[in-house]
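J.: Sharing a structure here in structure tokens format.
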Amino acid sequence: MQGTRFLRLKQIVGDRVAGIEPLIPVSRSGWWQGVKDGRYPQPVKLGPKTTAWKSTDIDALIERLSAGQ
């Protein structure tokens, strides 16, 4: 997976306190429900307390959502 970037949840759904704009405007609980339902990509465990998503999966999701699918 050389060159693969990973995004943490804050980078995807945003964080007003930290001033991070969302890539996908959905709540944290809405995001996790979407992961559970299969609407959003499955995460990758990078460590015992570190969960992230492949940037390519998030880019594909944004494209799919933009196309109205």
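The values are calculated or read from the model by the stated rules, or taken from the named source; none is laboratory data. Since the structure is predicted, the reported quantities are computational estimates derived from the model, not experimental observations. So basically every Cβ, Gly included, is an ideal-geometry build from the backbone, and we count neighbours across all protein chains shown. For accessibility, only protein heavy atoms count, side chains too; no ligands or nucleic acids. Shrake-Rupley method; radii C 1.70, N 1.55, O 1.52, S 1.80 Å.
J.: Using the heavy atoms of the protein chains alone and a 1.4 angstrom probe, what is the accessible area of the chain per residue in square angstrom?
T.: Details: 4990 Å² over 69 residues.
Per-residue accessible area for the chain comes out at 72 Å².
J.: While we're here: Work out the length of the dipole vector of the chain about its Cα centre, built from +1 on the beta-carbon of each Lys and Arg and -1 on the beta-carbon of each Asp and Glu, and round it to the nearest 20 debye. Display every interim value, and only then the final one.
T.: On the way: 11 positive and 6 negative charges, 61 e Å.
Computed charge dipole of the chain: roughly 300 debye.
J.: Can you list residues whose amide H is under 5 Å from residue 20's amide H, if they're 5+ apart or on another chain and H is modeled 1.01 Å from N?
T.: 15
J.: If you roll a 1.4 angstrom probe over the protein chains with everything in place, what fraction of the accessible area of the chain belongs to carbon and sulfur, to the nearest %?
T.: Working: 2560 of 4990 Å².
Carbon and sulfur: 51 percent of the exposed surface of the chain.
J.: Let me ask another. Using DSSP to define loop residues, name the trypsin sites (Lys or Arg not before Pro) in region 7-69 whose beta-carbon has at most 16 other beta-carbon atoms within 10 Å. Mind dumping the intermediate values first?
T.: On the way: sites: 8, 10, 16, 28, 36, 39, 45, 49, 54, 64; in loops: 8, 16, 39, 49.
Those satisfying the criteria are 8, 16, 39, 49.
J.: If you average the sequence gap of Cα pairs under 8 Å that are 6 or more apart and divide by the length of the chain, what percent do you get for the contact order?
T.: Values: 70 pairs, mean separation 21.8, N = 69.
After rounding, I find 32 percent.
J.: Run the simple label-point estimate for residue 20 and residue 65 please: 7 Å along Cα→C-beta, distance reported in nm.
T.: 1.5 nm
J.: Tell me the mean residue ellipticity at 222 nm calculated for the chain from its helices only (DSSP H runs of n ≥ 4, each -39500 (n - 2.57), averaged over every residue, nearest 500).
T.: Details: 3 runs with 27 residues, N = 69.
One gets -11000 deg cm²/dmol as the mean residue ellipticity at 222 nm.
J.: Please work out whether region 1-40 counts as rounded, prolate or oblate from its C-alpha gyration tensor, where a ≥ b ≥ c are the square roots of the eigenvalues and a/c under 1.5 means rounded, while otherwise a/b larger than b/c means prolate and anything else oblate? Please report the intermediate quantities before stating the final value.
T.: Details: a/c = 2.76, a/b = 1.05, b/c = 2.62.
Oblate shape, in that a/c is at least 1.5 and b/c is the bigger or equal ratio.
J.: Can you tell which of 24, 52, 65 lies farthest toward the positive end of the dipole of the chain, using +1 and -1 charges on the Cβ of basic and acidic side chains (Lys, Arg; Asp, Glu)?
T.: Farthest towards the positive end: 52.
J.: Can you compute 3J(HN,Hα) from phi for each residue in region 10-20, using the Karplus curve 6.51 cos²θ - 1.76 cosθ + 1.60 with θ = phi - 60°, rounded to whole Hz and x for Gly and Pro?
T.: Result, rounded to whole Hz: 4, 6, 8, 9, x, 8, 4, 4, 7, x, 9.
J.: Note down the nm distance, to one decimal, between modelled labels 7 Å out along Cα→Cβ at residue 5 and at residue 50.
T.: 1.7 nm
J.: Can you tell me what percent of all Cα-Cα pairs in the chain are more than 17 Å apart? Numbers along the way, then the final one.
T.: Values: 993 of 2346 pairs.
Result for the distance tail: 42 percent.
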